[in-house]
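Colleague: Pasting a structure here, questions to come.
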Amino acid sequence: MSDDIEELSPSAARAARDVRVVLGRLRRRVRDASEADDLTPSQASVLARLSKDGPASTSDLASVEGVRPQSMAATVAALGRLGLIERRPDPEDGRRLHVILTVAGRERAEGDRQARQEWLARALQEGCTERERRTVVEAMAVLEKLIHP
């Protein structure tokens, strides 16, 4: 891998480093703005994923979140104790359980999403000029090309 980095142009290497560092900091700041201060980052992430993608099995959640199934089982159990999720039989395979958001879980996920969105919009409005905000939008289009070539 280190040999590959030497083949990269200096501008690509610097851009990669800067994007990684800035996105990491931004992710932490946005996470800090969420209303989920009593949830772990893993729990908040599972709530957001279920809100966005709908019901999923614990093993599917573990796979997409990049954690061991045992770790996800503990996260799901904690969310269940908080009344934010429940488990229901899979309509297509009754042996399998799906994790779904409760009404409280949906409200919590939506409130958290709104708080993060509002924080970021306010930070962009108060900290950037109109021209800088346009540059951010243009940069997002460039980064999106990396994800969806």
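Colleague: Counting only helical runs of four or more DSSP H residues, what would the 222 nm mean residue ellipticity of the chain come to if each run contributes -39,500 (n - 2.57) and the total is spread over all its residues?
Modeller: Mean residue ellipticity at 222 nm (helix-derived): -23500 deg cm²/dmol.
Colleague: Here's something else I'd like to know. Looking at the range 39-126, which trypsin sites (Lys or Arg not before Pro) are DSSP coil and have at most 16 other C-beta atoms within 10 Å of their C-beta? Mind showing how you got there, number by number?
Modeller: Values: sites: Arg49, Lys52, Arg81, Arg87, Arg95, Arg96, Arg106, Arg108, Arg113, Arg116, Arg122; in loops: Arg95, Arg96.
Listed in order of number, the matching sites are Arg95, Arg96.
Colleague: With a 10 Å cut-off between alpha carbons and a GNM built on the chain, which of Ala15, Ala77, Ala121 moves the most?
Modeller: Fluctuation is largest for Ala15.
Colleague: Continuing with the same structure: On a full-extension model of 0.36 nm per residue, what is the gain between Gln114 and Thr40, subtracting their alpha-carbon distance, rounded to one decimal in nm?
Modeller: Taking Gln114 through Thr40 to full extension adds about 24.8 nm, to one decimal.
Colleague: For the range 136-141, just list the computed ³J(HN,Hα) in residue order, Karplus coefficients 6.51, -1.76 and 1.60, θ = phi - 60°, integers in Hz, with x standing in for Gly and Pro.
Modeller: 4, 4, 5, 5, 5, 5
Colleague: How far is helix 103-127 tilted off the main Cα axis of the chain, in degrees rounded to 10, range 0 to 90?
Modeller: For 103-127 against the chain, the angle is about 10 degrees.
Colleague: How far is it, in nm, from the label point at Cys128 to the one at Leu97 when both lie 7 Å from their Cα along the line to the Cβ?
Modeller: Output for this residue pair reads 4.3 nm.
Colleague: In a GNM of the chain with a 10 Å cut-off on Cα contacts, which of Gly83, Gly66, Gly111 has the highest mean-square fluctuation?
Modeller: Gly66
Colleague: What GluC sites (Glu not before Pro) in the range 53-149 are in a loop by DSSP, with at most 13 other Cβ atoms within 10 Å of the Cβ?
Modeller: For GluC sites (Glu not before Pro) across the range 53-149 that sit outside H, G, I, E and B with at most 13 neighbouring Cβ atoms in 10 Å, the list reads Glu92.
Colleague: While we're here: Give, rounded to the nearest 20 debye, the magnitude of the charge dipole that the range 1-119 has about its Cα centre when Lys and Arg contribute +1 at Cβ and Asp and Glu contribute -1 at Cβ.
Modeller: Roughly 280 debye, rounded to the nearest 20.
Colleague: What are the semi-axes of the equivalent ellipsoid of the chain, taken as the square roots of 5 times the eigenvalues of the Cα gyration tensor, listed largest first and rounded to whole Å?
Modeller: 34, 22, 13
Colleague: Now a separate question. With unit charges on the beta carbons (Lys and Arg positive, Asp and Glu negative) and the dipole taken about the Cα centre of the chain, which residue among Gly54, Leu82, Ala33 sits farthest to the positive side?
Modeller: Going by the charge dipole, the pick is Leu82.
Colleague: So, one more: Name the long-range amide H neighbours of Ile85: under 5 Å, sequence gap of 5 or more, or other chain; modelled H, no Pro or chain starts.
Modeller: Gly80, Thr102
Colleague: Using modelled amide H (1.01 Å from N, peptide plane; none on Pro or chain starts), what sits under 5 Å from the amide H of His98, excluding residues fewer than 5 places away?
Modeller: Amide H neighbours of His98, under 5 Å, 5+ apart: Arg88, Asp90.
Every number here is computed from the coordinates shown, using simple stated rules; none is lab data. Source: prediction; values computed, not measured. Using ideal geometry, Cβ is built from the backbone for each residue, glycine included, and neighbour counts are taken over all protein chains shown.
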